[in-house]
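Where a number appears in this text, it was derived from the coordinates with a stated rule and is not lab data. Not measured: the values here are computed from a predicted model. Cβ placement follows ideal geometry from the backbone for every residue including glycine, while neighbour counts extend to all protein chains displayed.
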Amino acid sequence: MATTAVSLSGLNAASQGLAVTANNVANANTEGYKTKRLDLEEVKEGGVRASKVTESQESTGPGSSNVDYATEMTNLMTQAGAYNANLQVMKTQDQMLGQFMDMKG
């Protein structure tokens, strides 16, 4: 079931990325807050995993953060797309296994 494990790792990574993006948006008005990014790494067996969360090195203005809503919205759409793609793979695998079981029965 390598396909399931790969898709599950993609779902988990996208979910963690969504959490980081949500945290950035929630702290957009927090003085001195620096944007965070989730770094992913490839897994040897297939798939990805979160390796670390890095903080932006861009300076913040007085009384503000360096959160850019356009960047966060782009990240949100990318992560949602990755989540949906991996979910579709899992659904397709489930349908294929169901058809296989029907043929076998």
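Semi-axes of the equivalent ellipsoid of the range 2-104 are 37, 14, 8 Å, computed as sqrt(5λ) over the eigenvalues of the C-alpha gyration tensor in descending order.
Within the straight-line cut-off of under 20 Å between alpha carbons, the lysines reachable from Lys36 are Lys52, sequence neighbours fewer than 8 places apart in one chain being disregarded.
Working from Cα pairs under 8 Å separated by at least six residues, relative contact order for the chain is 34 percent.
So what's the angle, to the nearest 10 degrees on a 0 to 90 scale, between helix 69-104 and the longest Cα principal axis of the chain? Taking Cα atoms only, the helix is inclined about 10 degrees. Which of the aspartates and glutamates could a cross-linker span from Lys34 if the Cα-Cα distance has to be under 12 Å and same-chain partners fewer than 8 positions apart are dropped? Here the aspartates and glutamates satisfying the reach criterion relative to Lys34 are Glu55, Glu58, Asp68. In summary, the lysines within cross-link reach of Lys104, defined as a Cα separation below 26 angstrom excluding same-chain residues under 8 places away, comprise Lys91. Here the spin labels are modelled as points 7 Å beyond Cα on the Cα-Cβ line, and at Thr74 and Thr60 they lie 2.2 nm apart. With K and R counted +1 and D and E -1, the other residues having a Cβ less than 10 Å from that of Val53 yield a net charge of +1.
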